Amino acid sequence: MASSRKSQTKSSSAILRGVADVLSRAGVRADQTLQLALSGGMDSIVLLSVLAGLRERFGFVLRAPHVHHGLSPNADDWAAFCAIRCSELEVPLSVTHVNVQPAAGEGWEAAARRERQGALPSQAAAWRVSSPPMGDAA
């Protein structure tokens, strides 16, 4: 068990260093807003934690928009989980509800992606980050 904790710590440190390197190379600076599209999946939650931990070092403002598609019976739970985690990390969360209706020849996933992409740019930010969406059109 101790071995697995050491492995997790090494992995966490590597992720933190990697994200910090990307932010440095991208030129992220103080007074800029970084927006993380938060699905509630593991990728976006880990990235939220890492970015929250790097705020002081880089001086950026971190915001987390969540797009609520309502397509999964778990959609309300995902939004609630995002709200809890953002509250713990003191990251402002905005939840936007969208009505997903596939266009002719378009599947549910594509329609959800279109709605998500349409909802996110309405949030003002110098930098936008998103992780791969989780299942069920998150």
Practice task
Could you please state how large a percent of the accessible area of the range 1-117 is carbon and sulfur, counting protein chains only and using a 1.4 Å probe?
Solution key: 53
Completion exercise
Residues of the range 55-89 with backbone N under 15 Å of the label point set 7 Å from the Cα of V95 along Cα→Cβ are 64-88
Practice task
Please give the contour-minus-distance gain from T33 to E109: 0.36 nm per residue of separation, less the Cα-Cα distance, rounded to one decimal in nm.
Solution key: 24.5 nm
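Scan the range 42-121 for GluC sites (Glu not before Pro) in coil per DSSP, keeping those whose Cβ has at most 16 other Cβ atoms within 10 Å, and list them by number.
Values: sites: E56, E88, E90, E106, E109, E115; in loops: E90, E106.
Of the GluC sites (Glu not before Pro), the ones in loops of the range 42-121 whose Cβ has at most 16 other Cβ atoms within 10 Å are E90, E106.
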Fill in the blank from the handout: Between the modelled labels at Q117 and V61 (7 Å from Cα along Cα→Cβ) the distance in nm is 2.7
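The values are calculated or read from the model by the stated rules, or taken from the named source; none is laboratory data. Note that the structure is a prediction, hence the values are computed from the model and not measured. Ideal geometry is used to build each Cβ from the backbone, glycine not excepted, and the neighbour counts take in all protein chains shown. Side chains are part of the model used for accessible areas, which takes the heavy atoms of the whole protein and leaves out ligands, DNA and RNA. Shrake-Rupley method; radii C 1.70, N 1.55, O 1.52, S 1.80 Å.
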